[in-house]
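Visitor: This is the structure, below, for whatever I ask next.
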Amino acid sequence: LSSCGSRKTVQKGKLMDFTSTVIVPLLFGSLGIFALFRLLQWMRMRAYLQEAVVVITGATSGLGKELAHPALNCILLTLVYSQTHEPHPVVFDLSDTKSVVNAAEEILKALGHVDILINNAGISFRGTIVDTGLDVDKKVMETNYFGPIALTKALLPSMIKRRQGHIVAISSVQGKISIPFRSAYAASKHATQAFFDCLRAEVEQYDIEVTVVSPGYIQTNLSLNAVTADGSRYGVMDKSTAEGQTAAEVAQVVLNAVGQKKKEVLVAGLTPCLAVYLRNLCPRLFFTLMASRAKKERKVKGS
Ligand SMILES: NC(=O)c1ccc[n+]([C@@H]2O[C@H](COP(=O)([O-])OP(=O)(O)OC[C@H]3O[C@@H](n4cnc5c(N)ncnc54)[C@H](OP(=O)(O)O)[C@@H]3O)[C@@H](O)[C@H]2O)c1
Ligand SMILES: *[C@@H]1O[C@H](CO)[C@@H](O)[C@H](O)[C@H]1NC(C)=O
């Protein structure tokens, strides 16, 4: 028994030796290398974002305002910023293609080039399809889809020439799933997702990056500013929007995604993420859930 016990201590001693001479240094060594790697990554990201000429649409409020915040500015409708360049606000209407093209010209004239374009501005929609005039569908589509792609197309040739650039689209979880009474909005965001996925593939050969960001709910004025079936302002702060993530939180995720050159990022809670998977893996169940949601929302409105 005693010899057995002493052998055990010897083995234990050997094990301790092994732990202190091999495992511990290996662990700390790899932790150190990992930390160093992350630090370098972070420094590269900071340098990339700091020196870049960035164009953010919709910098007057909500997410756009927060995105512009790190560079200490926020002005008017659309903003061009960088810490080494003076902020340069450009006012234009995304639903008017001519004014978008003029704005792009003005931006290039003033700054020479654009490193990062963040297509953030957008408008939401609330209403039933049967009551909504086609002019409202067109307005949402023009603001959320045709405006951003017009701006992107206007700036793309100069990016291709420099073989450098990064284009970001702020889409939505509703670019991946459609929920009832949001038809025009969901359609515009699905179109956004499709367009920028194509673009990513087409411009990779010019070293241009494309990031599609799909947030869930963010605490902004988006639902207040939403357009309704008859074209009027919705003017209601939805509970889901009020309980969403803060614009500052989402802005941080967007800037990190840009710094790390991510292809796409879903910024949402568990339920929206599950809904996206359900839509793809079990569409019949998803459709049933959406139909009952539509019925429930109608009842609430009716009462
Ligand atoms: N809030 C959410 O729950 C949520 C969720 C997912 C995705 N998103 C997306 O996030 C982006 C930012 O929205 P937000 O939540 O920050 O809403 P927001 O506070 O209402 O801000 C929208 C911005 O877009 C600008 N804009 C609207 N129509 C425009 C037009 N025709 N031409 C030029 N600019 C226009 C607005 O400028 P003016 O105020 O000067 O008109 C404003 O700066 C949108 O693309 C939205 O779809 C939001
Ligand atoms: C929402 O709109 C109000 C009034 O226009 C404004 O004061 C506020 O800053 C806006 N909120 C956000 C998050 O942009």
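Visitor: Just tell me which aspartates and glutamates come within less than 17 Å, Cα to Cα, of Lys14; anything on the same chain fewer than 8 places away is out.
Guide: none
Visitor: With each run of n ≥ 4 DSSP H residues scored as -39500 (n - 2.57), what mean residue ellipticity at 222 nm is computed for the chain after dividing by its residue count and rounding to the nearest 500 deg cm²/dmol? Walk me through the numbers before you get to the answer.
Guide: On the way: 11 runs with 161 residues, N = 303.
Calculated mean residue ellipticity at 222 nm is -17500 deg cm²/dmol.
Visitor: Along the charge dipole of the chain, pointing to its positive end and built from +1/-1 on Cβ of Lys, Arg, Asp and Glu, which listed residue (Trp42, Leu156, Ala191) has its Cα farthest out?
Guide: Trp42
Visitor: Are any of the pairs Lys65/Lys98; Lys189/Lys263; Lys98/Lys263 more than 19 Å apart by Cα-Cα distance, and if so, which? The partial results should precede the final answer.
Guide: Values: Lys65/Lys98 25 Å; Lys189/Lys263 16 Å; Lys98/Lys263 30 Å.
Table pairs above 19 Å Cα-Cα are Lys65/Lys98; Lys98/Lys263.
Visitor: Let me know the charge dipole size of the chain about its Cα centre in debye, to the nearest 20, where only the beta-carbon of Lys, Arg (+1) and Asp, Glu (-1) is charged. If you can, show how the numbers build up before the last one.
Guide: Numbers: 34 positive and 24 negative charges, 289 e Å.
Dipole of the chain, to the nearest 20 debye: 1380 debye.
Visitor: Helix 24-51: angle to the longest alpha-carbon principal axis of the chain, degrees 0 to 90, nearest 10?
Guide: 20
Visitor: Toward the positive end of the charge dipole of the chain, about the Cα centre and with charges on Cβ (Lys, Arg +1; Asp, Glu -1), which of Thr132, Val54, Tyr277 goes farthest?
Guide: Farthest towards the positive pole: Tyr277.
Visitor: Now a separate question. Can you give the log10 of the normalised intensity I(q)/I(0) at q = 0.15 Å⁻¹, computed with Debye over equal Cα scatterers of region 52-269?
Guide: Treating every Cα as an identical point scatterer, log10 I(q)/I(0) equals -0.93.
Visitor: So how far, in whole Å, is the C-alpha centre of region 263-295 from the one of region 169-247?
Guide: 15
Visitor: I'd like the orientation of helix 183-203 relative to the chain: the angle between its Cα long axis and the longest Cα principal axis, in ° from 0 to 90, rounded to 10.
Guide: 60
Visitor: Tally Lys and Arg at +1 and Asp and Glu at -1 over the other residues with C-beta under 14 Å from the C-beta of Ile116: what net charge comes out? Kindly include the intermediate steps, with their values, before the conclusion.
Guide: On the way: positive: Arg46, Arg162, Lys261, Lys262; negative: Glu51, Asp115, Asp207, Glu209.
Residues close to Ile116 contribute a combined charge of 0.
Visitor: Another one. Arranged by the count of other C-beta atoms within 10 angstrom, fewest first, what order do Tyr234, Tyr217 take?
Guide: Working: Tyr234 18, Tyr217 22.
Placing the least packed residue first, the sequence is Tyr234, Tyr217.
Visitor: Also: Using Cα pairs closer than 8 Å and at least 6 residues apart in sequence, work out the relative contact order for region 52-269, in percent. Don't skip to the end; give the middle numbers.
Guide: Values: 449 pairs, mean separation 46.1, N = 218.
Dividing the mean separation by the residue count of region 52-269 yields 21 percent.
Visitor: Right, next: Out of all Cα-Cα pairs in region 161-303, roughly what percent, to the nearest whole number, are more than 18 Å apart?
Guide: Details: 6478 of 10153 pairs.
Beyond 18 Å sits 64 percent of the P(r) for region 161-303.
Visitor: Tell me which aspartates and glutamates have Cα within less than 20 Å of Lys301's Cα, excluding those fewer than 8 residues away on the same chain?
Guide: By straight Cα distance, Lys301 reaches Asp131, Asp230, Asp238.
Every number here is computed from the coordinates shown, using simple stated rules; none is lab data. Remember, predicted model here, so these are calculated numbers, not experimental data. Cβ coordinates were reconstructed from backbone atoms using ideal geometry, including for glycine residues, and neighbour counts include every protein chain displayed.
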